[in-house]
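Here is the structure we will look at.
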Amino acid sequence: MAGLLTGLVIFGTGGWFLGRSTADPATPAPTRSAPAPTGPAAALPPYEQNQVTINQPKFAGPLAPVAQGWLPHLSGCQRNGEKDGPVLNKGEKARVRCEMDAMSVIFVEYATIADRDKARVKTLGQNVDARTLTPGAAGAAVERATPSGRSNGNYVEYAYQASGNTVAGIWWDDSATPVAAYLLAYWKEGTGEKWEPMRDVWARYA
């Protein structure tokens, strides 16, 4: 089955791979400056506060709730329409790609919930592949709330091969909005061939 993701940038010990691209480049998104963090974000240490200020403008609209817990910890976020930013695939309205140590975190707003569900179907085949490529992967997709309670939707662990390397992924979505996100890492270099590191990161911030 054709991979959902033909590649995404992953920085850290795992190196990098190119973002998937099937659609024409989107028009540049306007640049917005974010206000200083308020509320819970204001209680964060200075570095995390700064990351929130830098990252928030990238996540306007429906992406904001899903990305909220991740904002203090992400770096290098790029939105479609920016120079060297990710390219939209068919059925997508917005895409933000970020780095987190040896992992990548990608947030996508789809044109419709049906478009989002079509994208998720592709990961289901890769969930079957994961049981061989990445032993210990969870079975079929499950519907569950994220640990933060900010969204409730489908959770899928999956894996595929890119340029001879095995990539592990966690997909989750929000059943109420046409939004999904996924966490990616090289199986050997990024996770040490264990699912626990990715699951831990997801549990902390999702």
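Could you list, in sequence order, all residues of the range 89-102 that are among the aliphatic types (A, V, I, L, M) and either within 17 Å of ILE54 (Cα to Cα) or surrounded by fewer than 22 Cβ atoms within 10 Å (Cβ to Cβ) (or both)? Hits for the range 89-102 are VAL96, MET100, ALA102.
For the residues ARG150, ARG144, the requirement of being in contact with a strand residue (DSSP E or B) (Cβ under 7 Å, 6 or more places away or on another chain) and among the basic types (Lys, Arg) singles out ARG144.
Being more than 20 Å from GLN51 (Cβ to Cβ) and part of a helix (DSSP H, G or I) is a property that ASN127 has.
If you go through the range 58-82 and keep only what is touching a helix residue (DSSP H, G or I) at 6+ places or on another chain (Cβ under 6 Å), more than 18 Å from TYR110 (Cα to Cα) and not in a helix (DSSP H, G or I), you end up with LEU74, CYS77.
Counting only residues that are small (Gly, Ala, Ser), give me the strands (runs of 3 or more DSSP E) lying completely in the range 138-197 with at least 3 of them. Those strands (runs of 3 or more DSSP E) span 152-162, 179-186. Residue count for the range 83-122, restricted to those that are in a helix (DSSP H, G or I) and either among the aliphatic types (A, V, I, L, M) or at pLDDT 95 or above (or both): 9.
Residues in the range 42-57 that are touching a strand residue (DSSP E or B) at 6+ places or on another chain (Cβ under 8 Å) and free of Cβ contacts under 8 Å to residues at least 40 places away in the same chain: GLN51, ILE54.
The values are calculated or read from the model by the stated rules, or taken from the named source; none is laboratory data. Nothing here was measured: the structure is a model prediction, and the numbers come from that model. Glycine also receives a Cβ, built like all others from the backbone with ideal geometry; neighbour counts cover every protein chain displayed.
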